[in-house]
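**Q** Take a look at the following structure, please.
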Amino acid sequence: MDEIDRLSEFLQRLTPLSRSCLLSELERLELCGIDMPGSTSIQAKLRAEFRKDGSTQARATNPSRYFFAPLELLLIDGAPEHENAGRISRNTLTPIWEWICRDLLPTMARDYIKAINDQVSANNPKEVLKTASTFQTKVVKVLENTFASAESTELARGKLAQYTASPTAFDDVRKMQQVLRAGDALPKFNEKLPEKITKFDDGQVAQIAAQLDAFKKAQPDALPFALTLVARRLKTSWELVRLATKGAASKSVADIAATPYACAVHMALDRLDDKRLALRIALRHNRVLIARDLLADIYDTEYALKVRIDGIETCEWGVRLQQLMDAIAALVAAEVSRFPANVGHILGSRRLRSHDTLGGKLSYLAWKGRDAVQDGAAAFRKLIGQT
């Protein structure tokens, strides 16, 4: 028996759910830059079984798809291994579902799967949604009991670790619980948002902030997910930071960190990390034009954060930003070094850093000048008020 036959025999011994989980895990490791010998042929075999449409990301089967439906707008493709506030990795859904079915609620999960399949066969969409909603409520209640003690929490974490080595999977379980517990609050908030926010100016920021304020009062734990829904409407992801900077008394780190939406800065850094991962994959597959566009976005985000947050270099946000930019610089340097020194590389072009041009430097000075005027005016008004 040759290696391919042995591999096929091994895979067939696994349940369909286990094979799907294996595919998600291999894809996650690949996206994290971990090369597994023989992974390519295994992934090809499993994709032929589970990805009839040729997609390269996990897609849930019917019963789990209906269960995870409330998460859909919050899912991110790829395998971010950072906190990723307000979003859930699509690749963790398969191991989470297997954990629910085998460990958390095995009997109820079997009943749910049968009921969903029966309702789908009967073409009864209302009953499908009702059945999914009922099971979601049961899962939320069980998770609340599970997380009630440190012992049961660690036991659950250990069980989930049997299905994936992702360090963020258990955090995604908690996020799932928060989203499901919020019920229809997130969909209703989403419906009230503009279809597209092409210009996130002061007026638009104030309008969105008012909507977020109302949402936060009713669903404080779900605020990061509401911010994610806002970010989906923005032209560029870093603009989410304006919710924090516009609401702050000044551009200082302390004042911005004190606003209700300071987490938007963390979320902007999460998205910058996503772009770092995407850049690495683009370079690995020699997709230079995609890498160029990603790098331009990365530089724009770095510039936006530095120009809008005074003293960012000395705080936690700045430390993480510098670590990300150092990692990105290493990727670019490794790519550029593949070519002779006398051959220009598109990723080494100064044009990608538009803020390094004369116009960009003038814009930076204009921003800083405006901040100084605003801070001075605020101090003057405070002084007048005290007299």
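Derivation of every value follows stated rules applied to the coordinates shown; laboratory data play no part. This one's a predicted model, so the numbers in the text were calculated from it and none came from an experiment. Cβ sites come from the backbone with ideal geometry, for glycine too, and all protein chains shown count toward neighbours.
**Q** Count neighbours as other Cβ atoms within 10 Å of each site's Cβ, and list the trypsin sites (Lys or Arg not before Pro) in the range 231-297 that are DSSP loop with at most 11 such neighbours.
**A** Passing sites in the range 231-297 are Lys235.
**Q** Next up: Provide the FRET efficiency to the nearest 0.05 for the Asn62-Ala148 pair, computing r from the beta carbons and using R0 = 35 Å.
**A** 0.65
**Q** Using only alpha carbon pairs under 8 Å that are at least six residues apart, calculate the relative contact order of the range 236-350 and give it in whole percent.
**A** Result for the range 236-350 is 26 percent.
**Q** How much of the pair distance distribution for the range 157-204 lies past 15 Å, counting alpha-carbon pairs only, in percent?
**A** Summing the P(r) of the range 157-204 above 15 Å gives 64 percent of all pairs.
**Q** Still on this structure, please answer the following. Put a dot 7 Å past each Cα toward the Cβ at Leu289 and Glu191; how far apart are the dots in nm?
**A** 4.1 nm
**Q** For the range 192-311, give the magnitude of the charge dipole about the Cα centre (Cβ charges: +1 Lys/Arg, -1 Asp/Glu; no others), in debye to the nearest 20.
**A** 340 debye
**Q** Using the structure shown, select from Lys216/Lys246; Lys114/Lys138; Lys246/Lys306; Lys216/Lys306; Lys192/Lys216 the pairs with a Cα to Cα distance greater than 20 angstrom.
**A** From Lys216/Lys246; Lys114/Lys138; Lys246/Lys306; Lys216/Lys306; Lys192/Lys216, over 20 Å: Lys216/Lys306.
**Q** Next question. Give me the three principal axis extents of the range 236-350 from the C-alpha atoms, as integers in angstrom, largest value leading.
**A** For the range 236-350, the Cα extents along the three principal axes come out at 50, 21, 19 Å.
**Q** Now for a separate question. Set the Förster distance to 30 Å, then compute FRET efficiency between Lys138 and Arg47 from the Cβ-Cβ distance, nearest 0.05.
**A** Working from the Cβ atoms, E equals 0.40.
**Q** Given the pairs Lys159/Lys188; Lys126/Lys199; Lys251/Lys275; Lys199/Lys275, which span a C-alpha to C-alpha distance of over 30 angstrom in this model?
**A** Lys159/Lys188; Lys126/Lys199
**Q** Given the options Thr301, Gly318, Ala329, identify the residue whose Cα lies farthest towards the positive end of the charge dipole of the range 236-350 (+1 on Cβ of Lys, Arg; -1 on Cβ of Asp, Glu).
**A** Ala329
**Q** Any chance you could run the full-extension gain for Lys114 through Arg338? It's 0.36 nm times the residue separation minus the Cα-Cα distance, nm to one decimal.
**A** The span from Lys114 to Arg338 would gain 75.1 nm if fully extended.
**Q** Could I ask something else about it? Between Ala254 and Arg353, what FRET efficiency comes out of the Förster formula 1/(1 + (r/R0)^6) with R0 = 30 Å and r the beta carbon distance, rounded to 0.05?
**A** 0.55
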